[in-house]
Amino acid sequence: MDSKQQSPVSDDDAVTAKARDEELSSVTQSGFTSKATVSMTKWRAVAVLTMFCAPVVVAQTAANWTQQIQQNFPPPRFVHAQAYDLAHGQVILFAGGNNINVFNDTWAWDGSNWTEKSPGTGPPARYSHAMAYDSAHGQVVLFGGASPNSNLLNDTWVWDGSNWTQKSPQTSPPARYGLAMAYDSTHGQVVLFGGANPPSGTSLRAAGEAYPETLGDTWVWDGSNWTQKSPQTSPPARAAHGMAYDSAHRQVVLFGGEANGNFLGDTWVWDGSNWTQKAPQTSPSARYLYAMANESAHGQVLLFGGIGIVGAKSNVLNDTWVWDGSNWTQESPQTSPTARTGTAMAYDSVHDQTVLFGGFVGMTALGETWTWSRGPAPAVSAVVNGASFVGGGVVPGAIATAFGTNLTSGPGINLTSSLPLPTMFLNDAVIINNQPVALFAVDNVSGQQQINFQVPWEAASGPNATVAVENNGTTGASISVPVLAAQPGIFNYSAGGNTFGAILHANFQLADTGHPARAGETVLIYCTGLGAVSSPPEDGAPGNGQPTKTTPTVTIGAASAMVSFSGLAPGFVGLYQINAEVPAGLTAGNQPVVVMLAGASSNSVLLPVQ
């Protein structure tokens, strides 16, 4: 303890600590709030305040599948291909087949309906081909597949929004089907990997059979030519796998597939020159003939369905997974497409939805359209002091509040209940400088949304901090706020039209109009934003009386009050306590209290004095 400061409490035994906790809880429940929000929170190991006495409501994920009922749609099919044409704001679907036909039709999805296109020229009918949108050239690129008479193809076509044009590259990958492609935005290239190229005269696979002669080569398309790459490491040969670009981590992700009758469940990433196998803690079951798409606005890759191993048997699947750059997480949507394989997906960035069409199960082709949507991304509009609700920056170690829209999917006032405080609560997180931080509460009352959090002590390392919110796996844009040395904020409550401070007597009784403070006594002022302390606790862990490195100035009734202690309140996270002596000579009544530190003044609150 600093030699200049006394103990934060006069008697820190269990009885007095319990009295303090109960008094602060009573104050809070009687209106210890501001702007109908949680203004101050108490976090002990065994209890939390019940702000508004509201029950905890478990948030339901906003992400869900929705079947679209449109007037016009493609015929049922499977092993077709889709890609999002960013230049024209449409999902393009081409070819595929069913039990009767192999198609060469082109369809466009505009966010609500399918329209068949009538290009002057187009690729011949095929199935098990691949498509990807080449952003650098504003074109959808198509390669390979198998023709209706089972001839393998190695032609390259591009779609410009109204017509297909066949390209004539100097070099091309060998003919194949069951390949996968994705556009690598970082390097401006379409990446192609694998597929199957059985010897001439070999019958192509039927559903459930092994792909013969799988390939393990990597090629890139630069808009005019294909170039084979020679990575030092590479995934094993495979077919009927999936690939998508992970925009958040600037890598192409490859998962699963099939090789010589074996189901694969490995995850690889391409960085422009080499493949690296990942080791996620959780992963989808081994599978092939599924669909993948890049949810670029949400920084995730989506995977759905396929034929997979469940237990010791192969099954057609309808599970939904997302890749976050290091791990796979299974989603739990309220509704889902039926189990299927041979389907295709593409992410529509204009409408912020992933569009799935077709597939098959039991050799029955499907013709349904489903969209996967996460709802709008969270947006932080302001970050303020958690006691005073004053903006302007954040203070390391302090309690702060983020306001905004789409911050949470759960209604009501929801409080965390354990120590150390969690960094994820009800599928919500606050991200400061790219790291999740300790959370107090997640609230959604009458359309006003906020998250109360502790600013990490480590934020002191820079002049500014970035703040963003993640809601159900969707991370919104970050805002930059200054990092302040101090921004005192006194917790408060309203009574009789006045704003009183969270100020207790030394016996932890609230200093209110029925129990006013007296000249010469030491009162306990509860606040946040006093900045650096000696030996700070871990983020999210309660303080234990660590003193502030700089002692604040306190005025009561405009008179200077002697400060005997300022530091972290024992048993609380982010809460500071100032022990100040009430000056003599004050007029009886409600006197303003202000805390000043590092050139910053707190909000003014009232203290009843007799």
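For the pair THR550 and MET363, the difference between a 0.36 nm per residue extended length and the Cα-Cα distance amounts to 59.9 nm.
Across the chain, the mean sequence separation of Cα contacts (distance under 8 Å, 6 or more residues apart), normalised by length, yields a relative contact order of 13 percent. Across all C-alpha atoms in the chain, the radius of gyration and Dmax reach 30.9, 106 Å.
Ligands, DNA and RNA aside, TRP270 has an accessible area near 0 Å² when probed at 1.4 Å.
Note on ASP160 and ALA598: their simple-model spin labels are 6.0 nm apart, each label 7 Å out from Cα toward Cβ.
If I fit a long axis through the Cα atoms of helix 14-29 and take the longest principal axis of the Cα atoms of the chain, what angle between them do I get, 0 to 90°, rounded to 10? The angle comes out near 70 degrees. Overall, the accessible surface of the chain at a probe of 1.4 angstrom is composed of carbon and sulfur to the extent of 49 percent. Given +1 at the Cβ of Lys and Arg, -1 at the Cβ of Asp and Glu and no other charges, the dipole of the chain around its Cα centre is 260 debye to the nearest 20. Would you give the gap between the C-alpha center of region 322-346 and the C-alpha center of region 514-554, rounded to a whole Å? Each part reduced to its Cα centre gives a spacing of 49 Å. Considering only alpha-carbon pairs that sit under 8 angstrom and 6 or more positions apart, the relative contact order computed for region 253-376 is 17 percent. The length gained on full extension between VAL390 and ASN149, counted as 0.36 nm times the residue separation minus their Cα-Cα distance, comes to 79.6 nm. Summarising the label geometry, the points placed 7 Å from Cα in the beta-carbon direction at ASN72 and ASP222 lie 4.0 nm from one another. Solvent-accessible area of ARG518, all protein chains in place: 140 Å² (probe radius 1.4 Å, heavy atoms, ligands and nucleic acids excluded). THR233 sits with roughly 60 Å² accessible to a 1.4 Å probe, with DNA, RNA and ligands left out of the calculation.
Give me the net charge for the shell around ALA465: Cβ to Cβ below 14 angstrom, other residues only, Lys and Arg +1, Asp and Glu -1. Present the calculation step by step, with values, prior to reporting the outcome.
On the way: positive: none; negative: GLU458, ASP539.
Net local charge, ALA465 excluded: -2.
Entry note, the chain: the mean residue ellipticity at 222 nm calculated from DSSP H runs of n ≥ 4, each adding -39500 (n - 2.57), is -1000 deg cm²/dmol after division by the residues and rounding to the nearest 500. With 0.36 nm allotted per residue and the present C-alpha distance subtracted, the SER118-GLU538 stretch has 144.8 nm of extension available. First measure r as the distance between the Cβ atoms of ILE479 and GLN610, then evaluate 1/(1 + (r/R0)^6) with R0 = 56 Å and state the FRET efficiency to the nearest 0.05. After rounding, the FRET efficiency stands at 0.75.
The values are calculated or read from the model by the stated rules, or taken from the named source; none is laboratory data. Computed from a prediction, not measured in an experiment: that's the story for all the values here. Cβ coordinates were reconstructed from backbone atoms using ideal geometry, including for glycine residues, and neighbour counts include every protein chain displayed. These accessible areas exclude ligands, DNA and RNA; they are computed on the full protein's heavy atoms, side chains included. Shrake-Rupley method; radii C 1.70, N 1.55, O 1.52, S 1.80 Å.
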